[in-house]
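Note sheet for the following structure.
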Amino acid sequence: MAEIEVKDLCKEFTTYVRGHGLAGSVGSLLSRNRTVRKAVNHVGFIVEKGEMVGYVGPNGAGKSTTIKMLTGILYPTSGTVRVCGLCPSKDRKHNLMHIGTVFGQRTQLWWDLPLIESLELLRYIYKVSTKSYKENIERFCDILDIDEFMQTPVRQLSLGQRMRGDLAAALLHDPDILYLDEPTIGLDVVAKERIRLFIAELNRERKTTVVLTTHDLTDIGTLCRRIIIIDTGRIIYDGPVEEIRKRFGSESSLLVVFKEEPRGLSLQDAEEIVVDGLQARIRFDRRRIAASDLIGALLKEYPVSDLTIEDTSLERIIREIYLEGKLDAGLS
Ligand SMILES: Nc1ncnc2c1ncn2[C@@H]1O[C@H](COP(=O)(O)OP(=O)(O)OP(=O)(O)O)[C@@H](O)[C@H]1O
Ligand SMILES: [Mg+2]
């Protein structure tokens, strides 16, 4: 049995829009403008034990709504969710024993209590044995360094500290699945890296299944082999990250610094050339021409003082997929 099974899942939100001004608000008592938004639209996927899946998409795509249905916070409008054999929205209590959640945008810790007291409370709620509690706290102190701020009220923690505290809280009861909704949002590069290392280790050592929502594609690139891309409530890609890179990442750029201004610079087989004084960015498709051939052609005609090759980042590929609907043309 797969650990997470989502079938034909839909979530609709109904909102009522009022008219403008006084007449509008009086009028709205009588007839409100009803709009139904399909936040999640016939979504389906399966996640096996121990997988790390990136769930990405532009703002408003339906990521958080999906995660909330997986955790049981929201009821689906239609479709089914099964997590460890349970229906999360109907069997919330049992489901909570199997899962840990971190919502980067908002803490689950008690704002006014020192971190340690939040953890104590959670230990009680989840009925964590004294032995596992001790072991886990030691482990979190070791890897996440939370001992530095154990006695500090959560409201006084920095964002990076709070996120580490949130991770500890989510994992105190050794859940099978960890849902992370933007766990690195607002963190600096070092703090992000630290969180990534921790998640990678957790998955490696405990086989914890991880579903990760993020706008930082470095998170996905370093952690996940599989990516699900969702846009306006629908899944537009579900497969290996590598496949996306292979299909759309064949474009590279040559960054060139010339010794003198390259007048009328043109190269056969280049996709695009942008010249700025002594520098130029030459975009090319490695399926059409090898970098070495392009460089050879360039050096034959122009005096060059420096050269670097830049591969298309996952970030750029995904941006193009969002903006240009590249997938329609490329994968389906
Ligand atoms: N409680 C709600 N009531 C009404 N509409 C909602 C509610 N929650 C979400 N929505 C709408 O559903 C859509 C999906 O929202 P969701 O929060 O799932 O997006 P997201 O992919 O997580 O975006 P982001 O990257 O900005 O976090 C949006 O259009 C949002 O406005
Ligand atoms: Mg969200």
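For residue 83, what is the net charge nearby, where nearby means another residue's Cβ is under 14 Å from its Cβ and Lys, Arg count +1, Asp, Glu -1? Could the numbers behind the result be given before it?
Values: positive: 7, 49, 68, 82, 90, 92, 93; negative: 3, 5, 48, 51, 91, 176.
With Lys, Arg at +1 and Asp, Glu at -1, the neighbours total +1.
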Using 0.36 nm per residue of separation minus the Cα-Cα distance, give me the extension gain between residue 307 and residue 139 in nm, one decimal.
55.8 nm
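Explain nothing, just the number: relative contact order of the chain, from Cα pairs under 8 Å at least 6 residues apart, as a whole percent.
Values: 580 pairs, mean separation 59.1, N = 332.
RCO, the chain: 18 percent.
What does the charge count around residue 153 come to, taking other residues whose C-beta lies under 10 Å from its C-beta (Lys +1, Arg +1, Asp -1, Glu -1)? Walk me through the intermediate numbers first.
Details: positive: 155; negative: 112, 117.
Surrounding charge for residue 153 is -1.
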Coordinate range along principal axes, alpha carbons of the chain, Å, largest first
73, 59, 46
Angle check, please: helix 130-144 long axis (alpha carbons) against the longest principal axis of the chain (alpha carbons), in degrees 0 to 90, nearest 10.
30 degrees
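Among 275, 40, 6, rank each residue by its count of other Cβ atoms within 10 Å, from fewest to most, as a rough exposure measure.
275, 6, 40
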Dipole magnitude of the chain about its Cα centre, charges +1 at Lys/Arg Cβ and -1 at Asp/Glu Cβ only, in debye to the nearest 20?
1440 debye
Taking placed amide H atoms and a strict 5 Å upper bound, the residues 5 or more places from residue 77 or on another chain that come that close are 10, 11, 12
Suppose only helical runs count, i.e. DSSP H with n ≥ 4. What mean residue ellipticity at 222 nm does that imply for the chain under -39500 (n - 2.57) per run, divided by all residues and rounded to the nearest 500 deg cm²/dmol?
-11000 deg cm²/dmol
How far is helix 159-171 tilted, in degrees, relative to the longest principal axis of the Cα atoms in the chain, given as a value from 0 to 90 rounded to the nearest 10?
60 degrees
If you take the C-alpha gyration tensor of the range 250-311, multiply each eigenvalue by 5 and take the square root, what semi-axes do you get, largest first, in whole Å?
18, 11, 10
Any idea how far the Cα center of the range 63-99 sits from the one of the range 279-318, in Å?
48 Å
In degrees, nearest 10, the alpha-carbon axis of helix 115-125 is tilted away from the dominant principal axis of the alpha carbons of the chain by 60 degrees
Of all GluC sites (Glu not before Pro) in the range 25-131, which ones are in loop regions per DSSP and have a Cβ with at most 15 other Cβ atoms within 10 Å?
48
For the range 250-311, size of Cβ-based charge dipole, Lys and Arg +1, Asp and Glu -1, in debye
140 debye
Just want the answer: with Cβ charges of +1 for Lys and Arg and -1 for Asp and Glu, which residue in 107, 10, 159 is farthest toward the dipole's positive end in the chain?
10
Furthest towards positive pole of dipole, 309, 257, 292, structure part the range 250-311, Cβ charges
292
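Coordinate-derived values only; no laboratory data. Just so it is clear, the structure is predicted and the values come from calculations on it, not from any experiment. Every residue, glycine as well, gets a Cβ built from its backbone with ideal geometry; the counts of neighbours run over all protein chains shown.
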